[in-house]
Amino acid sequence: VEIYSLHVDCKVTSRFAHTVITSRIVNRANESREATFEVELPKTAFITNFSMSIDGKVYPGIIKEKAAAQNEYDTAVSRGQSAGLVKITDRKLEQFHVSVSIAAASKVTFELTYEELLKRQLGKYELLIKVRPKQLVKHFQIDVHIFEPQGIQFLETDSTFMTNELTEALTKVQNETKAHILFKPTIDQQKINSELNETLLNGDFVVRYDVKREATAGDIQIVNGYFVHYFAPQEMPVFPKNVIFVIDRSGSMTGRKIEQTRDALLKILQDLRPEDHFSFITFNNKVVEWKSSLLPATEENVASAAAFVQTLTARGGTDINGALLAAVSALEKDEGLPERSVSMIILLTDGQPTSGEKNVEVIQENIQKAINGKYALFCLGFGFDVSYKFLEKMALSNGGIARRIYENADAALQLQGFYQEVATPILMQIEMQYPENAIEGLTKNNFKLFFEGSEIIVSGKISNELDLLPVEIKAQSHTSDLTLKEEANVKEKEQVFQNQRYIFGNFIERLWAYLTIQQLLEKAISAQEEDQKALEAQALDLSLRYSFVTPLTSMVVTKPSDQQQQELANKPTEAG
């Protein structure tokens, strides 16, 4: 069974990426064989389309409500459960895998489409394409087209498998607002060496870029009555932070995990700014405060903290509740913290609460009551024994986020990378204001914190009569209260995308739907049960209307009648 053509075609228009992967396979044997299509895609993406065509007959994937699809499937298979077509494979990726049996000399074409909004992190956008054909491919091609009306600030490609020969197959063409990256290695260039028919193509192909930013109140883009507003201010004074690291040192952290935690904390200590205040709370079944109050990050205090971190060992139970309450009370009672500053708690744990309060609902309630909107709580779950759902709900209810740290060689780098994302808060209490009666379906428009290197994105639908879209941003910076104003000329903005040949027409509307679904699902995590149902119903409606495979929908893939007829593609989530 030979893959004779594999094409990855990716169009990024104003951060919204639309990727189509087409694989063409022929069965050269003289009997029927399995043809397999296996693609890894970013977890942040939603699949929007899939089809197989076998000898000219097309079998499309159909997106339905998850429960309905599951019922139908169970009936069809009469309880022969299959694992589904999509599973999480690593920290950033999930895998879509489907096989179909094809007759001798037959051909099959698989085509998968997915979309995602690229998220700015540490000053850049990253487009990740996983390349793993597992065989030499006669026609192999990756095409990435980028159009950023704000202008491209820088653009780089990076790959884990490049050799000097392969570099010759890579071309980059770029002007002010557009870029085209083409990677088209010949069969000979793909080979590990001339004797072996084995492929070098195995790993990540990454495109990173950032855009130019001039306007202080961000950049507004409009297509077909939908707008998106990007806001990422630069060169602002940084807020001093008051940060308490709450570190699990229960028995299960023994060995590699506690070592990686120590390595990461030592690096993080070096990254603290002199005006920051910090402290540590470590916990097993006992909760221990390193110092009675937060200390300024002077050279001396940092050195003393580093010495303390070196002594961290792991044994005992896990009192998450006690440790977090101790952190909140340390921030509460500290008089010496700077007037305009940002307070945050960073929890790292690898397990379930086993000491003190063990009921996760009670812990969530206690912590939310104690924090009461004053501090941000970030929860890092180390490995797969944590209740990620619990950590995620706790973080989202308290103005933070949760992240799973994958137990592998780079766990220390994952911890450090997370810290860098939240290390430089430059705005607080950001309100993005638009004319009330002229916008429908506005996505989230107020944000507690803005960290340098990230980006705020707001989208909505403009009512027909509007010629000018006025915007007002209110926020607090370290030195002052800001009000930024901007107005966008709707007709002019619409013009920008008119003659772009590779824009998929309603891309801002799809971006709006993608962002709305993501936010509804996130909101549902920390909502009360009846609100949760309403939020999920809304997200389901949009998922079906715009055909996205989200945690609420399934794609039903139908195969030729002589095989197991149906399989389901579901969207896995980090919380399982």
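Could you work out the relative contact order of segment 88-209, using alpha carbon pairs under 8 angstrom and six or more residues apart, expressed as a whole percent?
Values: 167 pairs, mean separation 40.6, N = 122.
33 percent.
Mind putting a number on the dipole of the chain about its Cα centre? Charges go on the C-beta only, +1 for Lys and Arg and -1 for Asp and Glu, and I need it in Debye to the nearest 20.
So the dipole magnitude of the chain works out to roughly 900 debye.
Under a crude label model (7 Å from the Cα following the beta-carbon direction), how far is Asp158 from Gln174 in nanometres?
1.4
How do Arg91, Arg249 rank by accessible surface area computed with a 1.4 Å probe, from largest to smallest?
Per-residue accessible area, sorted high to low, gives Arg91, Arg249.
Looking at Gln270, Ser343, Val362, which one has the Cα that reaches farthest to the positive end of the dipole of segment 241-423 (charges on Cβ: Lys, Arg +1; Asp, Glu -1)?
Val362
Can you give the accessible area of Lys523, probe radius 1.4 Å, in Å² rounded to 10?
130
Put Ser14, Ser547 in order of accessible area, largest first, 1.4 Å probe: what do you get?
Numbers: Ser14 0, Ser547 40 Å².
Listed by decreasing accessible area, they come as Ser547, Ser14.
Evaluate the relative contact order of the chain (contact order divided by residue number), counting alpha-carbon pairs under 8 angstrom at least 6 apart; express in whole percent.
17
Out of Asn506, Ile54, Ala539, whose Cα points farthest toward the positive end of the dipole of the chain (charges: +1 Lys, Arg; -1 Asp, Glu; placed on Cβ)?
Value computed over the given set: Ile54.
Suppose we flag GluC sites (Glu not before Pro) only when DSSP calls them loop and at most 12 other Cβ atoms lie within 10 Å. Which is the longest uninterrupted stretch of the chain?
Maximal segment without exposed cleavage sites: 32-167.
Between [x] 26.0; [y] 28.5; [z] 37.7, which matches Kirkwood radius over Cα pairs in Å calculated for the structure shown?
Here Kirkwood radius over Cα pairs in Å agrees with entry [x].
Using DSSP to call loops (not H, G, I, E or B), can you name the trypsin sites (Lys or Arg not before Pro) in segment 125-196 whose Cβ has at most 14 other Cβ atoms within 10 angstrom?
Numbers: sites: Lys130, Lys134, Lys138, Lys172, Lys178, Lys191; in loops: Lys134, Lys138.
Loop-located and lightly packed - Lys134, Lys138.
Going by alpha carbons, how many degrees (0 to 90, nearest 10) lie between the helix axis of 388-397 and the longest principal axis of the chain?
60
Can you compute the helix-only [θ] at 222 nm over the chain? Use -39500 (n - 2.57) per DSSP H run of at least 4 residues, normalise by all residues, nearest 500 deg cm²/dmol.
-7500 deg cm²/dmol
Going through segment 1-31, which trypsin sites (Lys or Arg not before Pro) have at most 14 other Cβ atoms within 10 Å and a DSSP loop state?
When the trypsin sites (Lys or Arg not before Pro) of segment 1-31 are filtered for loop state and at most 14 Cβ neighbours within 10 Å, Arg28 remain.
At a probe radius of 1.4 Å, what is the per-residue accessible area of Tyr226, in Å² to the nearest 10?
Surface open to solvent at Tyr226 totals about 20 Å².
Would you list Met162, Met344 from the most to the least accessible area, probe 1.4 Å? Let's see the in-between values first.
Working: Met162 60, Met344 0 Å².
Result, largest first: Met162, Met344.
Indicate the gyration tensor shape class of segment 241-423 (rounded, prolate or oblate), computed on the Cα atoms with a ≥ b ≥ c the square roots of the eigenvalues: a/c under 1.5 is rounded; otherwise a/b larger than b/c is prolate and the rest oblate. Show your work: numbers first, answer last.
On the way: a/c = 1.43, a/b = 1.10, b/c = 1.31.
Cα axes put segment 241-423 in the rounded bin.
Please state the relative contact order of segment 241-423 as a whole percent: Cα pairs under 8 Å, 6+ residues apart? Don't jump to the answer; show the numbers that get you there.
Numbers: 348 pairs, mean separation 44.9, N = 183.
The normalised contact order for segment 241-423 reaches 25 percent.
Give me the compactness ratio for segment 382-523, meaning the Cα radius of gyration over 2.2 N^0.38 Å.
Relative to the 2.2 N^0.38 Å estimate, segment 382-523 comes out at 1.30.
Within the chain, what whole-number % of the accessible surface is contributed by carbon and sulfur, with the 1.4 Å probe and all protein chains included in the calculation? Before the final figure, lay out the partial values.
Numbers: 11710 of 25220 Å².
Taking all protein chains in place, the chain shows 46 percent carbon and sulfur surface.
Given the whole protein assembly as supplied and a 1.4 Å probe, what does the accessible area of His139 come to in Å², nearest 10?
110
Taking only protein heavy atoms into account and a 1.4 Å probe, give the accessible area per residue of the chain in Å². Intermediate values should be presented prior to the final figure.
On the way: 25220 Å² over 576 residues.
Normalised by residue count, the accessible surface of the chain is 44 Å².
Report, by chain and number, residues whose modeled amide H sits under 5 Å from the one on Phe497, excluding near sequence neighbours (fewer than 5 apart, same chain).
none
For segment 241-423, what is the percent of antiparallel DSSP beta bridges, rounded to the nearest 5?
Taking every DSSP beta bridge within segment 241-423, about 15 percent pair in antiparallel fashion.
Report, in degrees rounded to the nearest 10, the 0 to 90 angle that the Cα long axis of helix 507-525 makes with the longest principal axis of the chain.
Roughly 50 degrees, rounded to the nearest 10.
The values are calculated or read from the model by the stated rules, or taken from the named source; none is laboratory data. Predicted model only: the values in this text are computed from it and were never measured. Don't worry about glycine lacking a Cβ; one is built from the backbone with ideal geometry, like all the others, and counts go over all protein chains shown. Please note that ligands, DNA and RNA were not included when accessible areas were found on the heavy atoms of the full protein model with its side chains. Shrake-Rupley method; radii C 1.70, N 1.55, O 1.52, S 1.80 Å.
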